[in-house]
Structures are given as structure tokens and as C-alpha cells.
Amino acid sequence: MTAVSVFPEQISTPNLPLRKHGTWEEFWDLLKTSEYRVEYHKGEIILEMSYEPDPHSKLANRFGHLFELIFDNSDFEIFNSNRPVYITNCESVFNPDATVVQLPKELYTYQPGMTAEVSPIVIAEVLSPSTRDRDFVEKLPCYKQIPSVRYILYAELTHPMVYLYERDTNSGEWRHTFFDTLDSSFELFGKNLALRELYKRIEFPYGNAR
């Protein structure tokens with residue numbers, strides 16, 4: 001069975017995401033050859049967009065850039081959406097827009113040369129109309145089940161708004177805070193992250209964030 005046969009004629013449709021029941025093996029086979037971003041969730045293979053709109057790409061890159069500044073030593077690795085994260089308890093593989101991993105790290109190995117991160121400490125997603133339902137309803141509960149994750153960040157594209165989910169290291173409970181002005185800022189592991197820097201050069205419907 002070829003990877004593409006998991007998705008028949010639908011493979012060429014622009015109406016993403018596409019979902020279809022598939023096996024774990026079919027998912028990894030498709031991951032090798034697909035031009036689309038491929039994810040897996042509880043027995044379903046999901047094709048996400050291969051083309052990112054300019055603002056989405058810019059904001060995802062801003063997350064990566066600021067993470068590089070905050071986690072500026074050899075104890076950490078920063079990844080973009082090309083790096084999958086395997087969530088054991090959810091039977092899922094997602095591709096966050098930005099991920100921070102602390103070394104030494106754990107990896108899931110499907111076969112030599114095909115691995116996924118297992119132990120991220122920070123996950124960031126850029127919200128878009130086509131993905132926000134999945135981001136909140138499907139992905140967020142799964143991200144919270146990753147034992148190593150301390151922070152989850154969701155950022156709006158149409159206006160300055162960041163949803164911050166922070167795990168209490170003592171109780172394990174999650175705290176939810178949101179920040180909705182360019183003058184807002186918050187801390188990750190004691191380092192400041194300002195919305196004005198995150199949204200730098202991002203064009204909103206009503207103007208620019210400079």
C-alpha cells in the first residue's frame with residue numbers, strides 16, 4: 001500500500017485540513033512523502049496546510065526567534081512546525097508552530113531516521129480560522145498531558161492576544177492567563193516575553209505592530 005492511497009482523489013483538494021481513518025504505519029509512510037503537513041490523532045490521519053499565509057509564517061518565526069533569545073544556551077533546542085511531537089497518552093503526533101526542548105531529551109523512534117520529540121517544555125501555536133477549533137478542542141488537552149511541558153502559548157493573528165497556559169510545578173494544575181495589548185508581557189522561566197516584540201512587523205486588519 002502506498003502512502004498516497006490513504007487519501008484518494010482528495011489529496012489534491014485545497015480544502016484542508018482533511019481527515020481520514022488510518023493506521024499508525026500508514027501515517028508514518030505518508031509522512032515520508034507528503035507535501036502537506038501531516039498529523040495523527042487517535043486513529044485519524046490529518047492533512048494540514050502546506051502553504052502558510054505570510055502573517056502566520058511571520059508570527060511562527062517570531063516565536064522561534066524569541067525562544068532562541070530566551071533559551072540562549074546549549075541546554076535547549078528550538079524547533080519549528082517541521083518537527084513532530086509524539087503524545088503517548090493521546091495517541092497523537094502534532095506539529096506545533098514552535099517547540100522548545102531541554103537536553104538531554106527523549107525521542108520516539110518509529111524507524112531509523114524517523115523520530116518525534118517526546119519531552120518538550122514549551123509549545124506555541126499560531127491560531128488561524130482553519131485550525132483554531134483543533135488547536136483548542138483537540139490539541140490543547142493533549143499538550144497538557146505531556147509531563148515535561150511547562151508552558152503552552154496560543155497567539156491570535158488578527159489582533160494582539162496571547163493565551164498562556166502554565167503548569168504549576170508543585171500541584172501539576174494548569175493556570176490560564178491571556179494578554180491582549182501590545183504593552184503586555186509575561187515570563188517564561190523567569191525571562192520576559194513582550195507582545196510588542198512577538199508581533200513586531202505583523203500587520204493586523206487595522207494597522208501595523210511596530
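Computed quantities for the displayed model
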{"read-out": "Qualifying strands (runs of 3 or more DSSP E) (wholly inside region 48-145; at least 1 residues being among the small types (Gly, Ala, Ser) and either within 18 Å of Met161 (Cβ to Cβ) or touching a residue at least 24 places away in the same chain (Cβ under 8 Å) (or both))", "value": "92-94, 98-102, 114-117, 120-126"}
{"read-out": "Selection from region 57-69 of residues that are among the hydrophobic types (A, V, I, L, M, F, W, C) and crowded, with 18+ Cβ neighbours inside 10 Å", "value": "Leu59, Ala60, Phe63, Leu66, Phe67"}
{"read-out": "All positions within region 100-143 that are in contact with a Pro (Cβ under 8 Å, 6 or more places away or on another chain) and modelled with pLDDT under 95", "value": "Ser128, Ser130, Thr131, Arg134"}
{"read-out": "Any hit, region 191-198, residues being modelled with pLDDT of 95 or more, assigned to a loop (DSSP other than H, G, I, E, B) and either among the basic types (Lys, Arg) or surrounded by 14 or more Cβ atoms within 10 Å (Cβ to Cβ) (or both)", "value": "no"}
{"read-out": "Qualifying positions in region 144-164 - modelled with pLDDT of 95 or more and in contact with a Pro (Cβ under 8 Å, 6 or more places away or on another chain)", "value": "Ile146, Ser148, Val149"}
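The values are calculated or read from the model by the stated rules, or taken from the named source; none is laboratory data. Treat the numbers as computed from the prediction; the structure is a model and nothing was measured. All Cβ positions, glycine included, derive from the backbone under ideal geometry; neighbour counts span all protein chains shown.
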